Amino acid sequence: MEKWTGGDMHPSYRILMGPGPSNVHYRVYQAMSNPVIGYLDPQILACMDEISEMLRGVFQTENRVTLAISGTGSSGMEASYVNFVEPGDLVVIGVNGFFADRMTQVASRCGAKVVRVEEEWGKIIDPERMIKVLKEHPEAKICGLVHGETSTGVRQPLEEIGAYCKKVDTLLVVDAVTTLGGYDVRVDEWGIDVCYASSQKCLSVPPGLCPITVSPKAMDLLRSRKTKVQSFYLDLGLLEKYWGEDRVYHHTAPASMFYALREGLKIIFEEGLERRFRRHETLGDRLKMELEGFGFKLFAQEGYRLPMLTSVLLPEGVDDLKARSRLLNEYNIEVGAGLGWLKGKIWRVGLMGETCKVRYIHCLTGALRDILT
Ligand SMILES: Cc1ncc(COP(=O)(O)O)c(C=O)c1O
């Protein structure tokens, strides 16, 4: 190509009511426009320390190794298995949705023997059943679960399974990509050893960073590996040396994303975790009620519905693609389609972080009134 003639790009200001990303606070955008500095600049190191400290707050943990991987949520899933699985290790994973299934694929690519504890999509993995399977496999090294299954809108209870894993020294790996920042994630209290999230959902920061926290028990296990971690980029031992006191160069820190995450976390603590969780709970209930009013049927198991992601079966006669296209093109509202076999059957409507506001519920219901009635 000799010359670019394509002109400027002007993405629309969408109301992001899908499964993520969510809308970004203007202060986060402002923070991102700060000058880029080097990856060992004392100012970026101070920013990283602040991020770690605030992440410990949202993860509700004392774990020293609490940092943000330069990658999206999937990098946390990869890191959780590539660091702790050695070929032949047995891993038990609860599978009740798209992302839990992906977890099994990631684990087996790392060489794990995977035991799948299957459940119908839309239901929780019964903790008693999970514990029974763990008892049948006392050699299991890892138990993996998705806290908020974004494909179905189900919230997995973790307390009982966490207590059992702690008792038998099995590592509990939890995907909190959808829940962190919008729902209680009590890493220490629930006995979670490795918990990862994403910047772009309830933290309301652009996609690109993956907060992760690792217990001392898991770090000890990592140090006692017989083989090297296959991935250099996701090696938590190396990341610890960069984020911790050693400050050994590992990769070029995405400075602008660090500024964004720092600001996003500050906004969370200005609001307070409790208030933030209550906001998600209250407005999640409100949205569910409104959608039921249009004839949508709630898909996820009652009592275990995520506040920040509501999955609904479409009313008879509604054309999935047409209705979602109209919402996007005429009303600037994004809602999510179904994943996997739920494609065309459900919508996934997000109320995450900055988007979790009553005015956006009004925008969606107003638009639906025009489109559906
Ligand atoms: C529960 C869950 N896990 C993992 C992922 C993957 O995260 P990312 O798309 O940020 O890589 C997602 C993405 O939506 C998710 O919802």
Using θ = phi - 60° and the Karplus form 6.51 cos²θ - 1.76 cosθ + 1.60, what ³J(HN,Hα) does each residue of segment 109-124 get, whole Hz, x for Gly and Pro? 5, 7, x, 7, 8, 9, 9, 8, 9, 7, 9, 4, 5, x, 10, 7
Pairs from Lys167/Lys297; Lys201/Lys345; Lys123/Lys201; Lys113/Lys166 whose Cα-Cα separation, in the structure shown, is over 32 Å: Lys167/Lys297
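By the scheme Lys and Arg +1, Asp and Glu -1, what is the net charge of all other residues having a beta-carbon under 14 Å from that of Met289? Show your work: numbers first, answer last.
Numbers: positive: Arg286, Lys288, Lys297, Arg305; negative: Glu281, Asp285, Glu290, Glu292, Glu302.
Taking every other residue near Met289 into account, the sum is -1.
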Does segment 55-167 come out rounded, prolate or oblate by the C-alpha gyration tensor, with a ≥ b ≥ c the root eigenvalues, rounded set by a/c under 1.5 and, if not, prolate when a/b is larger than b/c and oblate if not? rounded
Pop out the ³J(HN,Hα) list for segment 59-72 in order, Karplus 6.51 cos²θ - 1.76 cosθ + 1.60 with θ = phi - 60°, rounded to Hz; leave Gly and Pro as x. 7, 6, 9, 9, 3, 4, 7, 9, 8, 10, 6, 7, x, 7
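Would you mind calculating the gained length between Glu53 and Ile371 on full extension (0.36 nm times residue separation, minus the Cα-Cα distance), in nm to one decimal?
On the way: separation 318, 0.36 × 318 = 114.48 nm, distance 4.58 nm.
That works out to 109.9 nm of additional length.
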Return the percentage of antiparallel bridges among DSSP beta bridges fully within the chain, rounded to the nearest 5 %. 50 percent
So how far apart, in nm, are the two label points at Phe232 and Arg359 if each is 7 Å from Cα heading toward Cβ? 4.8 nm
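Using per-residue counts of other Cβ atoms within 10 Å, averaged over each peptide, order 115-127, 143-155 from highest down.
Details: 115-127: 18.3, 143-155: 28.1.
Descending mean neighbour count gives 143-155, 115-127.
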Starting from 0.36 nm per residue, how many nanometres of slack lie between Asp184 and Ser108 once their C-alpha separation is accounted for? 24.4 nm
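Neighbour counts of other C-beta atoms within 10 Å: give me Leu158, Leu180 arranged from fewest to most. Could the numbers behind the result be given before it?
Details: Leu158 24, Leu180 29.
Result, fewest neighbours first: Leu158, Leu180.
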Residue order, fewest to most surrounding Cβ atoms within 10 angstrom, among Arg276, Arg223: Arg223, Arg276
Whole-Hz ³J(HN,Hα) from phi, Karplus 6.51 cos²θ - 1.76 cosθ + 1.60, for segment 29-46, glycine and proline x: 4, 4, 4, 5, 8, 5, x, 6, 10, x, 6, 10, 4, x, 6, 6, 5, 5
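State to the nearest 20 debye the size of the charge dipole of segment 26-269 about its Cα centre, where the only charges are +1 on K and R beta carbons and -1 on D and E beta carbons. Please list the in-between numbers first.
On the way: 26 positive and 31 negative charges, 64 e Å.
It works out to roughly 300 debye.
Helix-derived [θ] at 222 nm for the chain: sum -39500 (n - 2.57) over DSSP H runs of at least 4, divide by residue count, nearest 500?
Details: 12 runs with 148 residues, N = 373.
So the calculated ellipticity at 222 nm is -12500 deg cm²/dmol.
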Between Tyr26 and Lys241, what is the FRET efficiency for a Förster distance of 41 Å, r being their Cβ-Cβ separation, to the nearest 0.05? 0.70
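Where a number appears in this text, it was derived from the coordinates with a stated rule and is not lab data. Values in this document were obtained by computation on a predicted structure and should not be read as measured data. Virtual Cβ from ideal backbone geometry, glycine too; neighbours counted across all protein chains shown.
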